[in-house]
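J.: Before anything else, here's the structure in question.
Just so it is clear, none of the values below were taken in a lab; they were calculated from the coordinates. The model shown is predicted, which means the values in this text are computed figures rather than measured ones. Heads up, the Cβs are rebuilt from the backbone with ideal geometry, glycines too, and the neighbour counts pull from every protein chain shown.
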Amino acid sequence: MVKEIKKIEDSAGSEIPTAKNREELEELRIKFLGREKGALTLILRSLKTLPDADKKRVGEEANKLRGVIEGLFAARTEELKRTETESILKKEWLDVTRPGKKGPHGHLHPVTLVRREVEKIFASMGFGVVEGPEVETEWYNFDALNIPVDHPARDMVDTFFLKNPKGKNQSPKLLLRTHTSPVQIRYMQKHNSPLRIIVPGRVYRYEATDASHDIQFQQVEGLMVDKNVSVANFKGVVLEFFKKLFGMNVEIRLRPSFFPFTEPSFEIDISCIACNKKGCSICKKTGWLEVMGAGMVHPKVFEAAGYAPGNQQGFAFGFGLDRVTMMKYKIPDIRLFHSGDIRFLKQF
Ligand code: PHE
């Protein structure tokens, strides 16, 4: 029996400390201390068969061994727990001092960038920023601006007309505005002179597209009305604007032109920002770039807006925001603006 105990002590001493994991350890626990067939349990159970003299001695030995084995289990359990935690820590290690990953940054569209700049420059000259609806009536887009029914601009070819939900030939006839000028009327109906506004916004034209034409683009309308606003005021404001926008000493030139809603009307050129009037491919060797239409507000326009005749005068202008953006950033094709090409947009 004592031999037996010694054997158990030896195998427990070598097996328990080398158990690889908790399952193995549990198996060993059953092997040595299991209530049914544990090696030590069997010994303790058989004590009663021994003669009294041996009972005490062997019993003491067996109980001592029980303490030893329990100590071995406790030590190994502790060890296994520690290595388990260590491996979890190693696997799930996280450097909380590392800087976070930055999400991808969006970019403002180049036309938006220039639009904001335009608004800032005009604001510095006392102009308010006003908007108007993109779906217009024929009256605001044409009639009120002195564009007669037989004017070519009213032809279906230039305008996107909308289907009237009430059926054909119902008035008012709705369309996508072809320019921002209808907002001149809308604003003057609600506000008296003196006034100074710009109107940035989207406009639509039913045209074939190419590198310099798209069916939708943005315009900036300008309107300044007071008792004695003159062409000289116009030149001052617009020259200041282009100098600030392009950050250089540009010159402007006025050429006679025609718009039904201005009289006189002009086409405005600026000295070429690429070659400074020397002549290059951008200005097609002319030294000048055509940038806006403008003129003195036609009396019929004041009348349509409800202003009393002869009480005021003003200038109006309109230019393409996309076109100016193309000049500023040397963009060769207007269609890039709506291409959705991330590589293009990422440059701004
Ligand atoms: N509405 C004109 C256009 O779209 C531009 C313009 C605006 C001209 C105001 C004169 C005055 O071409």
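J.: Kirkwood hydrodynamic radius for the chain: how many Å is it when counted over pairs of different Cα atoms?
T.: 27.4
J.: Considering Cα pairs under 8 angstrom that are at least six residues apart, work out the relative contact order of the chain and quote it in whole percent.
T.: Averaging sequence separation for qualifying contacts and normalising by length gives 15 percent for the chain.
J.: Per 10 Å bin, what percent of the C-alpha pairs of the range 2-92 does each bin hold, from zero upward?
T.: Binned Cα distances yield the sequence 16, 43, 24, 12, 4, 1.
J.: Could you tell me the convex hull volume per residue, in Å³, taken over the Cα atoms of the range 164-233?
T.: 143
J.: Can you tell me the orientation of helix 231-246 relative to the chain, as the angle in degrees between its alpha-carbon axis and the longest Cα principal axis, to the nearest 10?
T.: 30
J.: Could I ask something else about it? Note the angle between two axes, namely the Cα long axis of helix 22-33 and the longest principal axis of the Cα atoms of the chain, as a number of degrees from 0 to 90, rounded to the nearest 10.
T.: It is inclined by approximately 20 degrees.
J.: Can I ask one more? Take VAL2, project a point 7 Å from its Cα along the Cβ direction, then tell me which residues of the range 32-54 have their backbone nitrogen under 16 Å from it.
T.: 50-54
J.: Suppose R0 equals 35 Å; then what is the FRET efficiency for ASP226 and ARG98 from their Cβ-Cβ distance, rounded to the nearest 0.05?
T.: Numbers: r = 62 Å, r/R0 = 1.76.
Here the calculated transfer efficiency is 0.05.
J.: Also: Among THR180, ILE252, PHE161, flag the residue with its Cα farthest along the positive direction of the charge dipole of the range 110-345, charges on Cβ as +1 for Lys/Arg and -1 for Asp/Glu.
T.: Value computed over the given set: ILE252.
J.: Taking a threshold of 30 Å on the Cα-Cα distance, which of the pairs LYS101/LYS243; LYS243/LYS284; LYS243/LYS278; LYS101/LYS244; LYS190/LYS235; LYS3/LYS81 fall above it?
T.: The pairs that break the limit, which is 30 Å between Cα atoms, are LYS101/LYS243; LYS101/LYS244; LYS3/LYS81.
J.: Let me ask something else about it. Considering the Cα trace of the range 252-348, what is its radius of gyration and what is Dmax, both in angstroms?
T.: So, for the range 252-348, Rg and Dmax equal 17.7, 54 Å respectively.
J.: If you don't mind, another one. Rounded to the nearest 500, what is the 222 nm mean residue ellipticity of the chain from helices alone, with -39500 (n - 2.57) per DSSP H run of 4+ residues and division by all residues?
T.: Using -39500 (n - 2.57) per qualifying helix, the result is -12500 deg cm²/dmol.
J.: Sort 140-150, 13-23 by the packing proxy (mean of other Cβ within 10 Å over each peptide's residues), most packed first.
T.: Answer by packing, highest mean first, reads 140-150, 13-23.
J.: Nearest 20 debye, what's the magnitude of the dipole of the range 110-345 about its Cα centre given +1 on Lys and Arg Cβ and -1 on Asp and Glu Cβ?
T.: On the way: 30 positive and 25 negative charges, 99 e Å.
For this selection, approximately 480 debye.
J.: Compute the angle between helix 110-124 and the longest alpha-carbon principal axis of the chain, please, reported from 0 to 90 degrees and rounded to the nearest 10.
T.: Relative to the chain, helix 110-124 is tipped by roughly 60 degrees.
J.: Distance cut-off 24 Å, Cα to Cα: go down the list LYS120/LYS330; LYS285/LYS328; LYS6/LYS55; LYS6/LYS48; LYS163/LYS300 and report the pairs above it.
T.: In this structure, LYS163/LYS300 lie more than 24 Å apart at Cα.
J.: Straight distance only, please: which aspartates and glutamates reach the Cα of LYS64 with their own Cα at less than 13 Å, same-chain residues fewer than 8 apart left out?
T.: GLU9
J.: Still on this structure, please answer the following. What nm value, rounded to one decimal, do you get for the distance between THR209 and GLU26 when each label is placed 7 Å out toward the C-beta?
T.: It is 6.8 nm.
J.: Right, here's the next one. Any idea which of ALA39, SER212, THR18 is furthest toward the positive side of the dipole for the chain, if Lys and Arg beta-carbons carry +1 and Asp and Glu beta-carbons -1?
T.: Looking along the dipole axis, the top candidate is ALA39.
J.: Points 7 angstrom from Cα along the Cβ direction at ASN233 and HIS338: gap in nanometres?
T.: 3.6
J.: Then there's this: Give the peptides 212-223, 297-308, 49-60 in descending order of average Cβ contacts within 10 Å, highest first.
T.: Packing proxy ranking, top to bottom: 212-223, 297-308, 49-60.
J.: Among the lysines, which fall within straight-line cross-link reach of LYS102, defined as a Cα-Cα distance under 25 Å, with same-chain neighbours fewer than 8 residues apart omitted?
T.: Reachable lysines: LYS91, LYS346.
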